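Colleague: Handing you this structure, nothing more for now.
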There are 2 protein chains.
Amino acid sequence: MQAAEIDEQFPVVDIDSPALEAARMLAEHSLPGIVVVTADGQLYAVLPASQVVRFIVPSYVQDDPVLAGVLAESTADRAAEKLGGKTVRELLPQHRLTLPAANADDTIIEVAAMMGRLRCPLIAVMKQGKLHGVITASRLLAMALKCGLTEQAWTAVVAGFTTEWGAVSAWQFLEQSSDQTRSRA
Amino acid sequence: MQAAEIDEQFPVVDIDSPALEAARMLAEHSLPGIVVVTADGQLYAVLPASQVVRFIVPSYVQDDPVLAGVLAESTADRAAEKLGGKTVRELLPQHRLTLPAANADDTIIEVAAMMGRLRCPLIAVMKQGKLHGVITASRLLAMALKCGLTEQAWTAVVAGFTTEWGAVSAWQFLEQSSDQTRSRA
């Protein structure tokens, strides 16, 4: 399986669109993150939902997290109002993060290794310089388990034979047959 | 709003349960992560989905990510088989990570600041030493927007008045009335 075979279409936000729109998209569809693109459709950033949450944290609290504890509850509740009028661009981290982007022909393990290393719940898949799709952590696990489980299902079938047939199991039988076939060939 | 008012019930996995079960839970329900508890129900870890994905990455690849690129596609596809028989405990990072746990009376901003800082898509909410619930990034955004949007909706209503009533807007009128009320008091 290659990255381009398992990726999915995913909503993207323009870097100059309202930050509120990005936050609402994540909230309504319970997305694990968003893909930010430039006006000409180029991949600019992939933001995990945990980083979009920072949009509602006032910058002085981001600089000094202890301050979060001294904000009155009513002030904290109204923090999201500050999103109004701001664009996604204004809320992106100043230092651009490593782009979690895989190539179309990367394997499932290459994507998993990148996801784990960058702690990003979604990876953009690029094909010929363009965004082809997105692979989320749950999609990756589902595809990996699909392969793994096919194998496991087969093991379970064989185990069933073993129990029913006693000492000379179907598995051994098949293995022996296969050896015999091989030696005959 | 306090953390315990907006948290949700969430499936948890026992530290000694099969790793495959944790991976399947995430894959089937598209969860952003899982809460790992000990046999006596104590919170042990919160694993983002991006870290559970590492369960399928062979340890020699985790140690040297470049190796991911040299694995054959068929080997990569069958990596999930290795999960079979392993427990969650065996796959947790050796160095225990900072526990993303909030207090029941923490504000929405305290939770958001912690989520952003730890890059964790879900925060466990503790009440009297016990797990009370979980707040995901999308839940947090939804609740923050709900407050923000109520205010915005009100602003929109006022803006509507302004447009309809021309130069002396309803907003100015209400503000003046309120001032008059205050000065009378």
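Colleague: Taking the Cα of A:Asp105, stepping 7 Å toward and past its beta carbon, and measuring to each backbone N in the stretch A:1-41: which are under 14 Å?
Modeller: Counting only backbone N, you get A:1-5.
Colleague: Sorted from shortest, what are the nm distances separating the label point of B:Gln42 from equivalent points in the other copies, each placed 7 Å from Cα along Cα to C-beta?
Modeller: Inter-copy label distances (nm, one decimal, shortest first): 5.2.
Colleague: Still on this structure, please answer the following. Distances in nm, one decimal, shortest first, from A:Ser59 to the same residue in every other copy, taking the label point 7 angstrom along Cα→Cβ.
Modeller: Going from nearest to farthest copy, the values are 4.6 nm.
Colleague: Provide the gained length on full extension for the span B:Gln62 to B:Lys127, in nm with one decimal, where the gain is 0.36 nm per separating residue minus the Cα-Cα distance. Before the final figure, lay out each step's value.
Modeller: Values: separation 65, 0.36 × 65 = 23.40 nm, distance 3.61 nm.
Gain in length upon complete extension: 19.8 nm.
Colleague: Distance between Cα centroids, the stretch B:58-136 to the stretch A:1-27: provide it in whole Å.
Modeller: After rounding, the separation between the Cα centres reads 22 Å.
Every number here is computed from the coordinates shown, using simple stated rules; none is lab data. Quick caveat: nothing in here was measured; it's all calculated off a predicted structure. Positions of Cβ are generated from backbone atoms using ideal geometry, with glycine treated the same way; all protein chains shown enter the neighbour counts.
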